[in-house]
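Notes follow the structure.
Laboratory data are not the source of any read-out in this text; all were calculated from the coordinates shown. None of the values given here were measured: they were computed from a predicted structure. All Cβ positions, even for glycine, are placed from backbone atoms using ideal geometry, and neighbour counts span all protein chains on display.
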Amino acid sequence: MATSAAAVPDEQVVIGEEIEHVRLITLNRPRQLNAISPELVSLLAEYLEKWEKDDKADLIIIKGAGRAFSAGGDLRVFYDGRKTKDSCAEVVYRYFWLCYHINTYKKTQVALVNGISMGGGSALMVQMNFSVVTEKTVFATPEASFGYHTDCGFSYIHSHLPGHFGEFLALTGARLNGKELVAVGLATHFVSSEKIAELEERLISLNSGDENAVRSVIKEFSSEIKLNEESILNKLSIIDESFSKDSVEEIIKSFEAEANKEGNEWIGAYLKGMKRSSPTALKIALRSVREGRNQTLSECLKKEFRLTMNMLRGTISGDMYEGIRALTIDKDNAPKWEPPSLDRVDDEKLDLVFEQFQENLELQIPEIDECRWDGKYENSAYTVPHEAIPISA
């Protein structure tokens, strides 16, 4: 017998259900493709903390309502807050902090990803013990295309992909399908979408968080992975050749040279996308992913928090707001980047957005298990009046 952990009206943006030893989370903003909103983050964190501490909760299942798992951050929230200093600090802080806790969660988690999984929304997929994808799953980290950077732990995740594929995903916003996600290690199992509902029922009836038992059930429903011949994962040697270069300019130059070779017509669309992206965002994304190779997840999330706050503040560029305007507000798809070209991006200015904040203004991620749910936004320096906050160390 299921008992709801909260009221479940249509407008409840996260629905939490308690079914014996199973806890089921449904992201419930289908019209907004389950985009990450302040309320969604708060409710999700509330459920996950409560259930990690609940001895009766053994298995957490998360899914999205409608045709999306989660399309990432709610860009309109960012855009609407552009004229008020740090108006989005709360949702950014809460979600980055939560990403760490999802990755280090003490109970078994399963993500059922039967649809769109983009940007920060994908952090709810990739960092789970088990992430089940289908033929309807579409993944991408397209942030550079709207003047932003690879966030929510993806400077860590991408940096640990084979070769330089992570740089490729961060700079081009390339899309991967369900089978490709499993093949490259960003998901654990591929299941036909028509079997997802039955799989969910079986996991609930399993009523256990034993990883081997959960794995066995999912495996029953899983299909073997066979990539299409034209899959981007069959082009890794070419990608590595170009995306191993030291700078964005050199990467593009090398990729252009590869595009001129017979059989490499597929490169053209990715080159076009990169050249239309924010020059500043491309450089930040490349540096962030490269740094991620030598950083822990915690260090990456703290770095990404600094980058995000600086971008929201327009510390060196207003490209993020211009990109959101062009993509989702006016929808003219004609952003006017400033500076407009890679050669005019000042590397010294880039250093500014990577600089550490004063310690109390950093993302507070507890390193000790006994205190792991400390460091919440409401106890942070960001809840004091803005004028009292000095930014840099």
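Quick one: dipole size for the range 85-214, taken about the Cα centre, charges +1 on Lys/Arg Cβ and -1 on Asp/Glu Cβ, in debye to the nearest 20.
Numbers: 9 positive and 13 negative charges, 18 e Å.
In total the dipole reaches around 80 debye.
Using amide H atoms built 1.01 Å from N in the peptide plane, name the residues 5+ places from residue 116, or on other chains, whose amide H lies under 5 Å from its own.
68, 69, 138
For the chain, what does -39500 (n - 2.57) per DSSP helix run (n ≥ 4), summed and divided by total residues, give at 222 nm, in deg cm²/dmol to the nearest 500? Spell out each step's value before the answer.
Values: 16 runs with 155 residues, N = 393.
After summing the helix terms and dividing by residue count, I get -11500 deg cm²/dmol.
Defining a contact as two alpha carbons under 8 Å apart and six or more residues distant in sequence, what relative contact order in percent does the chain show?
16
Say the cut-off is 21 Å between C-alpha atoms; which of 302/336; 106/303; 63/303; 275/331; 106/136 go over it?
Pairs exceeding the cut-off: 302/336; 106/303; 63/303; 106/136.
List the aspartates and glutamates whose Cα lies under 13 Å from the Cα of residue 195, skipping any in the same chain that are fewer than 8 positions away.
135, 220
Sort the chain into rounded, prolate or oblate with this rule: let a ≥ b ≥ c be the square roots of the eigenvalues of the Cα gyration tensor; rounded if a/c is under 1.5, and if a/c is not under 1.5, prolate when a/b is larger than b/c, oblate otherwise. Intermediate values should be presented prior to the final figure.
Details: a/c = 1.81, a/b = 1.20, b/c = 1.52.
It is oblate, given that a/c is not under 1.5 and a/b is not larger than b/c.
Which shape class, rounded, prolate or oblate, goes with the range 293-393 when its Cα gyration tensor gives a ≥ b ≥ c as root eigenvalues, a/c under 1.5 marks rounded, and past that a/b bigger than b/c marks prolate?
On the way: a/c = 2.02, a/b = 1.81, b/c = 1.12.
Because a/c hits 1.5 or more and a/b exceeds b/c, the range 293-393 counts as prolate.
Order 127-138, 310-321, 242-253 from most to least packed using the mean count of other Cβ atoms within 10 Å.
Details: 127-138: 22.1, 310-321: 20.4, 242-253: 17.1.
Put in order of decreasing packing, that is 127-138, 310-321, 242-253.
Going 7 Å from the Cα of residue 313 along its beta-carbon direction, which residues of the range 29-55 have the amide nitrogen within less than 20 Å of the resulting point?
Residues passing the 20 Å test: none.
Normalised by the residues of the range 16-114, what does the relative contact order come to in percent, with Cα pairs under 8 Å and at least six apart? Don't jump to the answer; show the numbers that get you there.
Numbers: 132 pairs, mean separation 36.5, N = 99.
Relative contact order comes out at 37 percent.
Relative to the present Cα-Cα distance, how much length would full extension add between residue 240 and residue 328 at 0.36 nm per residue of separation? Don't jump to the answer; show the numbers that get you there.
Numbers: separation 88, 0.36 × 88 = 31.68 nm, distance 3.25 nm.
Result: 28.4 nm gained on full extension.
Considering the dipole of the chain built from charges on the beta carbon (Lys and Arg +1, Asp and Glu -1) around the Cα centre, which of 32, 197, 163 is farthest to its positive end?
32
What's the ranking of 76-87, 340-351 by average number of surrounding C-beta atoms within 10 Å, highest first? Please list the in-between numbers first.
Working: 76-87: 14.8, 340-351: 12.3.
So the order, starting with the most tightly packed, is 76-87, 340-351.
State the antiparallel share, in %, of DSSP beta bridges confined to the chain, rounding to the nearest 5. Before the final figure, lay out the partial values.
Values: 12 of 35 bridges.
The antiparallel proportion sits near 35 percent.
Please list, or write none, the aspartates and glutamates whose alpha carbon is within less than 16 Å of the alpha carbon of residue 235, excluding same-chain residues fewer than 8 places away.
167, 180, 256, 258, 262, 265
With the cut-off at 1.5 for a/c, could you classify the range 265-336 from its C-alpha gyration tensor as rounded, prolate or oblate?
Details: a/c = 2.71, a/b = 1.31, b/c = 2.08.
Oblate.
Of the options 257, 297, 277, report the single residue whose Cα projects farthest towards the positive end of the charge dipole of the range 253-303 (beta-carbon charges: Lys, Arg +1; Asp, Glu -1).
Going by the charge dipole, the pick is 297.
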